[in-house]
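Trainee: Supplied in structure tokens, the structure appears directly below.
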């Protein structure tokens, strides 16, 4: 009986150790995922503040009020989606944002390509960089809301249709440059609201309350992501000056 009892105790001991290791691994994986999310959101924020918004207001010939109106319209669109989508469906909301944003991305690439292929290539590279980040965030949200791995991949791959639609619209219909700028302003406004939601996702609704070491590390990764995005666009500007 004693031998059987000790065997049982040994089994329980090793099961407890295994459970502890699994919990530690899960916590480590969760923490790494949060840091990666903070890094990507930092890149999104820098893309908005140092690339999209300055580009919207650099053309003095366009009405400031019109550009501002399209910015507001983009934010309002995301606000409506956020209010009326079911709770826990932020993956679908981000997917709507991604499709709208990809249409304007394709429009920008098409207009640039029509002007000069080298110009179109530089715009396409810039779009590819930030679009990979957006698709990574969307994939994470889709999985979190319960989509299967295959369904999440199908939804992400389907967003390429939006880029193609925008490119075709610009390349074949050849709209004037103003349409691209207003479309970009709409996309920037949409991105601004989504960026705010992402910051809340990473740091919480009230980020300054209960600020601890974990949030401090998230801030560091956020800053690193923002810095990385700024450096990437600086390198692209050197490779393709004036674009």
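One line per residue, one yes/no per condition, for (1) under 15 Å from the mean Cα position of the chain (by Cα); (2) surrounded by fewer than 15 Cβ atoms within 10 Å (Cβ to Cβ); (3) not in a helix (DSSP H, G or I):
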residue	(1), (2), (3)
105	yes, no, no
142	yes, no, no
146	no, yes, yes
161	no, yes, no
166	no, no, no
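Trainee: A further question follows. Scanning for something more than 27 Å from residue 199 (Cβ to Cβ) and part of a helix (DSSP H, G or I), does the range 124-133 turn up at least one residue? Can you show your working first?
Mentor: Filtering the range 124-133 for residues more than 27 Å from residue 199 (Cβ to Cβ) gives 124.
Still in the running and part of a helix (DSSP H, G or I): 124.
Yes, the range 124-133 contains a residue that is more than 27 Å from residue 199 (Cβ to Cβ) and part of a helix (DSSP H, G or I).
Trainee: If only one of 214, 227 is modelled with pLDDT under 85, in a helix (DSSP H, G or I) and either out of contact with any helix residue (DSSP H, G or I) (no Cβ under 6 Å at 6 or more places or on another chain) or buried (at least 18 other Cβ atoms within 10 Å of the Cβ) (or both), which one is it?
Mentor: Values: 227 fails: modelled with pLDDT under 85.
Only one candidate qualifies: 214.
Trainee: Give just the number: which of (1) touching a helix residue (DSSP H, G or I) at 6+ places or on another chain (Cβ under 6 Å); (2) closer than 20 Å to residue 33 by Cα; (3) surrounded by fewer than 18 Cβ atoms within 10 Å (Cβ to Cβ) does residue 132 not satisfy?
Mentor: The number of the failed condition is (1).
Each row is one residue, and each column tells you yes or no for (1) at pLDDT below 80; (2) over 14 Å from residue 34 (Cα atoms).
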| residue | (1), (2) |
| --- | --- |
| 188 | no, yes |
| 202 | no, no |
| 205 | yes, yes |
| 235 | no, yes |
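Trainee: Return yes or no: is residue 30 modelled with pLDDT under 65, under 24 Å from residue 95 (Cβ atoms) and out of contact with any helix residue (DSSP H, G or I) (no Cβ under 9 Å at 6 or more places or on another chain)? Spell out how you get there, then give the answer.
Mentor: On the way: modelled with pLDDT under 65: yes; under 24 Å from residue 95 (Cβ atoms): yes; out of contact with any helix residue (DSSP H, G or I) (no Cβ under 9 Å at 6 or more places or on another chain): yes.
So residue 30 fits the description; yes.
Trainee: I need the full set of residues from the range 57-89 which are touching a helix residue (DSSP H, G or I) at 6+ places or on another chain (Cβ under 7 Å), modelled with pLDDT under 75 and within 28 Å of residue 145 (Cβ to Cβ), in order please.
Mentor: Passing the criteria: only 85.
Trainee: I'd like the full set of residues that are farther than 22 Å from residue 80 by Cα and in a helix (DSSP H, G or I), limited to the range 168-204. Before you say what the answer is, go through the steps one by one.
Mentor: The initial filter retains those residues of the range 168-204 that are farther than 22 Å from residue 80 by Cα, namely 168-181, 203.
Answer for the range 168-204, where residues must be farther than 22 Å from residue 80 by Cα and in a helix (DSSP H, G or I): 168, 169, 170, 171, 172, 173, 177, 178, 179, 180, 181, 203.
Trainee: Cβ contacts < 9 Å: first residue on the phi > 0 side of the Ramachandran plot, restricted to the range 82-102; second residue assigned to a helix (DSSP H, G or I) and at pLDDT 75 or above, any location; separation 6+ or different chain. Result?
Mentor: Correct list of pairs: 88/144.
The values are calculated or read from the model by the stated rules, or taken from the named source; none is laboratory data. The structure presented is a predicted model; accordingly, all values stated were derived computationally and were not measured. All Cβ positions, glycine included, derive from the backbone under ideal geometry; neighbour counts span all protein chains shown.
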